[in-house]
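One structure is given below, encoded as structure tokens.
Values in this text are rule-based calculations from the coordinates and carry no lab data. Please read all numbers here as calculations on a predicted model, not as lab measurements. When we count neighbours, we look across all protein chains shown, and the Cβ atoms used for this are built from the backbone with ideal geometry, even at glycine.
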2 protein chains.
Amino acid sequence: MKQSQIFSRAKKENVTDQSINANLLIRSGFIRKLMSGVYSYLPLGSIVLKNIENIVRQEMNKLGGQEILMPALHPKEPWERTKRWQNKEMFKIKDRNFSLGWTHEEIVVPLAKQFIDSYKELPFSVFQIQNKFRNEARAKSGLLRGREFLMKDLYSFHQNQECLDSFYEKAIKAYFKVYQRCGLKEKTFLTLASGGSFSKYSHEFQTVIEAGEDEIYLCPKCALAINKEIIEEEKYQCPQCKNKDLKVEKAAEVGNIFKLQEKYTEPFDLKVKDEKGKESFVLMGCYGIGISRLMGAIVEAFHDEKGIVWPKEVAPFDIHLIPIGKVKKEADKLYDNLQKEGNKVLYDDRDKSVGEKFAEADLIGIPLRMVLSEKTLEKKCVETKKRNETKTKLQKYKG
Amino acid sequence: MKQSQIFSRAKKENVTDQSINANLLIRSGFIRKLMSGVYSYLPLGSIVLKNIENIVRQEMNKLGGQEILMPALHPKEPWERTKRWQNKEMFKIKDRNFSLGWTHEEIVVPLAKQFIDSYKELPFSVFQIQNKFRNEARAKSGLLRGREFLMKDLYSFHQNQECLDSFYEKAIKAYFKVYQRCGLKEKTFLTLASGGSFSKYSHEFQTVIEAGEDEIYLCPKCALAINKEIIEEEKYQCPQCKNKDLKVEKAAEVGNIFKLQEKYTEPFDLKVKDEKGKESFVLMGCYGIGISRLMGAIVEAFHDEKGIVWPKEVAPFDIHLIPIGKVKKEADKLYDNLQKEGNKVLYDDRDKSVGEKFAEADLIGIPLRMVLSEKTLEKKCVETKKRNETKTKLQKYKG
């Protein structure tokens, strides 16, 4: 993509957003704030969001999830049935008995019920990638906590505990695959958290970042963490190896998974008979990843004083090509060739100073900067620099 | 995809939805109704929706549109500025000064304004593919008129009339390319319609279908139509060739485009100076296609008494493979081979009668049915039948 043709751009401006992620993403031209907790994604931000979305979609497909799309606009009835109509996080529509979906158990269970006639239909799992709405009182963490945010939610349906437990373990692996591809694996830990009323604990995936709203107690031996909210209950020790030497870290939740058991199938009377004719409620699990939140967490985890440092798979482009001096013809050709080789290239064809171009490239954070100048051209080279390194390298190139 | 593994399926059921599209899409297992005008997309429906979305995205990219994503949750202020806060189609959030986006002029203009400092930034266009919400009093036409629906909206920004006019003509061509790829080109006509307060006429794209809510007067010579609402004003003649022999047809709107001129740039004071320093408001066009509505229109246009007849590019699969009798091993292999050759295949591996499988295949409407039986196997053949033809054909296949 030619940089001159993108309507949005990095701008020096006074960003009032307190969070590092929103601050960097706004200044570098990825997003704009419409109001507290509500953001527009500009062309570069839109590409990153799609990249993360595709990683999540691919891993959910591999897990066997079937993609569906449920509405954001919900009627009152199913929410009254589960006694969640009064939930404070729910936006309601004025003069109508409608609400906006902040989660979808109340929609997916009656939907699944239409197709589950027998234990033979089980197990299966469905997921969607869709906007959620939450009436957050204070939405101050940029993309980490939105009133409107893109989320992947997957729901699994099982006949018995063994089947749910086994799928749940596979889902944990799929989640770590997502974090690995987003560059976050080394910083992200499976974390025991409060399970609410339906099971003792749930699991969160917590990414260690300075600006994290959560505090986790990390067992370095097991790479297992315990959320602060339950550490007292766990007597300040790792529930797995009983290690008491836990490391306290600030972290942001980038996913959570619950064994819902029969919590939502019971109110909707979703039952099946087993092979012997014994009837029981279908067991469920639910598995969430905030796609836009993940984008925020990646920026929190990967930036320096100059700007964002995108991990390879989520970066909006592979290469940032910057021509210097009178090399337009050669740079145009290099741009074409790099694209033909399958690279996604951002081409800074604008009439700006080298200093401005370099500063903006650092702010935007594409993994590889490639400079073509009269000087490098003499040596039939380009100068390359990785965003996360300081040293430059001369590299031969075919003109 | 193996049909046994899809949780949703065609079901004989009493569908109360009055529209042909919802009726067929529900019975064939593509969608489910959550409430009036609000639908869930099941796995097959989700694939079709994505296919249409991708066609639209590709054509908008070719037109030069830059993809962005704006929020659905809007603050009050910009809507008060344009005096549209009281619009009846707008859902409002209870106890909050927020509304749900039913269109995005009020959001995109202030967004664009942040980046337009000079006429040199013009022209450009941005688009998004996003859920819209409309407070429809009666939503009775299935996917043709939803309270929540997936829409592509593109907005273009220009310095002068010539530039807007020229882009507008290109957009018309891009729209016809979309309808062509969706199989609708022969049935879809550029239609003059009421332009509202800001220009004499707008253009709609109307697809001729029996269940259409609109009535158009079609000039067979020019392939131009006039919406009933302005035919009196046009004296019942074609404005282009003055032909009075117009054909009255029922039709459904599958797109509309407006020259907004300065209607929305004026309230937000979006101006640029030209080369000579003369200041004027930026001119705008807006261009909408309802993605989910298009899905409904395609079903209305392409079905018979047995079910849906999907056009090739939007169909959820290319081939519906149906094994009959003891041919599992060979069918499994054929399924793999067809996929390796790049075909998208739905494989009916279920234990059902031939009659049931065929009836369901017709209902689902995949373009090519391929039957492998002991009889066809003897001849080293498969039996193929196109969904829109009655004759079957024996075709050699490599085992």
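Across the stretch B:229-237, computed HN-Hα scalar couplings (Karplus, 6.51 cos²θ - 1.76 cosθ + 1.60, θ = phi - 60°) run 4, 10, 5, 5, 4, 8, 6, 6, 9 Hz from first to last residue, x flagging Gly and Pro. Simple spin-label estimate for A:Lys273 and A:Arg96 gives 4.2 nm between the two label positions (7 Å along the Cα-to-Cβ direction from each Cα). Once you have the alpha carbon radius of gyration of the stretch A:195-235, what is it after dividing by 2.2 N^0.38 Å, with N set to its residue count? Here the answer is 1.22, to two decimals.
Springs join every pair of Cα atoms under 10 Å in this Gaussian network model of chain A, and among A:Cys238, A:Cys286, A:Cys222 the largest mean-square fluctuation is at A:Cys222. Sorted from shortest to longest, the distances between the A:Lys344 label points of this copy and the other copies are 2.1 nm, with each point 7 Å from Cα along the line through the beta carbon.
The overall shape of the stretch A:282-386 is prolate: from the C-alpha gyration tensor, with semi-axes ordered a ≥ b ≥ c, the ratio a/c is 1.5 or greater and a/b exceeds b/c. How high is the FRET efficiency between B:Gln395 and B:Asn23 when r is their beta carbon distance and R₀ equals 41 Å, given to the nearest 0.05? It comes out at approximately 0.75. Result for chain B in a Gaussian network model with C-alpha springs under 10 Å: among B:Lys94, B:Lys50, B:Lys228, the largest mean-square fluctuation is at B:Lys94. Of all beta-carbon atoms in chain B, the one sitting closest to the axis that brings chain B onto chain A gives B:Lys94, 2, with the distance in whole angstrom. Dividing the convex hull volume of the alpha-carbon atoms in chain A by its residue count gives 166 Å³ per residue.
Projected over every direction and averaged, the convex hull enclosing the alpha-carbon atoms of the stretch A:58-202 yields 10.3 nm². Helix B:161-181 and the longest principal axis of the Cα set of chain B meet at an angle near 10°. What range in chain B is the longest one free of GluC sites (Glu not before Pro) that are in a loop by DSSP and have at most 12 other Cβ atoms within 10 angstrom? Result for the longest clean stretch: B:14-209. The stretch B:336-399 and the stretch A:259-335 have Cα centres separated by 37 Å. Between copies, the label points at B:Glu266 (set 7 angstrom from Cα along Cα-to-Cβ) are spaced 6.2 nm, reported in nanometres from shortest to longest. For B:Ser280, the point set 7 Å out from Cα toward Cβ sits 7.5 nm from its twins in the other copies, listed from shortest up.
Of B:Lys132, B:Lys244, B:Lys33, the residue with the greatest mean-square motion in the GNM of chain B, using alpha carbon springs below 10 Å, is B:Lys244. Taking every DSSP bridge with both residues inside the stretch B:282-399, close to 55 percent are antiparallel. Close amide H contacts of A:Leu34 (hydrogens built in the peptide plane, cut-off under 5 Å, sequence separation of 5 or more or a different chain): A:Tyr39, A:Ser40.
A Förster radius of 56 Å combined with the Cβ-Cβ distance from B:Asn343 to B:Gln86 puts the calculated FRET efficiency at roughly 0.60.
Sequentially through the stretch B:27-37, phi angles give Karplus couplings (6.51, -1.76, 1.60; θ = phi - 60°) of 4, 8, x, 8, 9, 9, 8, 8, 7, 3, x Hz, Gly and Pro residues having no value and appearing as x.
Working from label points 7 Å from Cα in the Cα-to-Cβ sense, the A:Lys76 to A:Lys140 distance is 3.5 nm. Checking the Cα-Cα distances for A:Lys306/B:Lys278; A:Lys50/A:Lys113; A:Lys12/B:Lys83; A:Lys120/B:Lys11; A:Lys271/B:Lys344; B:Lys177/B:Lys271 against a 27 Å cut-off, the pairs over it are A:Lys306/B:Lys278; A:Lys50/A:Lys113; A:Lys12/B:Lys83; A:Lys271/B:Lys344; B:Lys177/B:Lys271. Couplings 3J(HN,Hα) for the stretch A:241-246, derived from phi with the Karplus relation 6.51 cos²θ - 1.76 cosθ + 1.60 (θ = phi - 60°), are 10, 6, 4, 9, 8, 9 Hz, where x marks Gly and Pro.
Distance between the 7 Å Cα→Cβ label points at B:Asp351 and B:Glu210: 4.0 nm. Computed on the Cα atoms alone, the convex hull of the stretch B:232-308 gives a volume of 193 cubic angstrom per residue. Residues within the reach of a label modelled at B:Lys306 (point 7 angstrom out along Cα to beta-carbon, backbone nitrogen below 13 Å), restricted to the stretch B:341-380, are B:355-371. Judged by the gyration tensor of its Cα atoms, with axes a ≥ b ≥ c, the stretch A:41-142 is oblate; a/c meets the 1.5 cut and b/c is at least as large as a/b. In terms of the Cα gyration tensor, with a ≥ b ≥ c the square roots of its eigenvalues, is the protein assembly as shown rounded because a/c is under 1.5, prolate because a/b exceeds b/c, or oblate? Rounded.
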